Amino acid sequence: EMNFSVAVLQSTGEESPIGEAVVVWDPATQTGRLDLARMPVLGDEKDYQLWVIDPQYTDPVDGGVFRVDAEGAARWTFHPKAPVRDAQKFAISVEPQGGSAKARGPIVMASR
């Protein structure tokens, strides 16, 4: 039985008004795919980081760090750093290069 969920992330502010992000999540394999388009290109000292909001954890689960190409696009497969039972939301923040243990930077995209 296929039990994928699809989440569309929307801009949370002026920084990424035109960005598009979609996550396809497979809880059985704990694997997600992130497709991004028209995201702002970050400087070398910053990275995007994906977070999974699961109510069993106090803090969002680290989904990993990624960068976009010159057109602001990326297609990326991820595995959260902790087991996710209920992926209620996904969010993308801007973090220092290499990412953060907890989301510190501004959240630029989030699912509803």
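If you check 83, 55 for being open to solvent by 70 Å² or more (accessible area, probe 1.4 Å) and either touching a residue at least 40 places away in the same chain (Cβ under 8 Å) or not in a loop (DSSP other than H, G, I, E, B) (or both), only one passes: 83.
Given the criteria farther than 24 Å from residue 18 by Cβ and assigned to a strand (DSSP E or B), does residue 62 qualify? Please lay out each step first, then the result.
Working: farther than 24 Å from residue 18 by Cβ: yes; assigned to a strand (DSSP E or B): yes.
Here the answer is yes, as residue 62 does meet what is asked.
In summary, residue 76 fulfils each of the numbered conditions (1) assigned to a loop (DSSP other than H, G, I, E, B); (2) surrounded by 15 or more Cβ atoms within 10 Å (Cβ to Cβ) with the single exception of condition (1). Counting the residues of the range 38-52 that are hydrophobic (A, V, I, L, M, F, W, C) and buried (at least 20 other Cβ atoms within 10 Å of the Cβ) gives 4. Inspection of the range 33-48 finds a residue satisfying the criterion of being modelled with pLDDT of 95 or more and over 17 Å from residue 109 (Cα atoms). Of all the listed residues (108, 23), the sole one being under 11 Å from the mean Cα position of the chain (by Cα), under 16 Å from residue 7 (Cβ atoms), open to solvent by less than 20 Å² (accessible area, probe 1.4 Å) and modelled with pLDDT of 95 or more is 23. Of everything listed in (1) modelled with pLDDT of 95 or more; (2) open to solvent by 30 Å² or more (accessible area, probe 1.4 Å); (3) in a loop (DSSP other than H, G, I, E, B); (4) among the hydrophobic types (A, V, I, L, M, F, W, C), the single unmet condition for residue 18 is (1). Only one entry in 19, 43 is under 13 Å from residue 94 (Cβ atoms) and free of Cβ contacts under 8 Å to residues at least 12 places away in the same chain, namely 43.
The values are calculated or read from the model by the stated rules, or taken from the named source; none is laboratory data. Computed from a predicted model, the values in this text were never measured in an experiment. Counting neighbours? That spans all protein chains shown, and the Cβs are built from the backbone with ideal geometry, glycine included. Accessible surface is based on the protein model in full, side chains and every heavy atom, while ligands, DNA and RNA are left aside. Shrake-Rupley method; radii C 1.70, N 1.55, O 1.52, S 1.80 Å.
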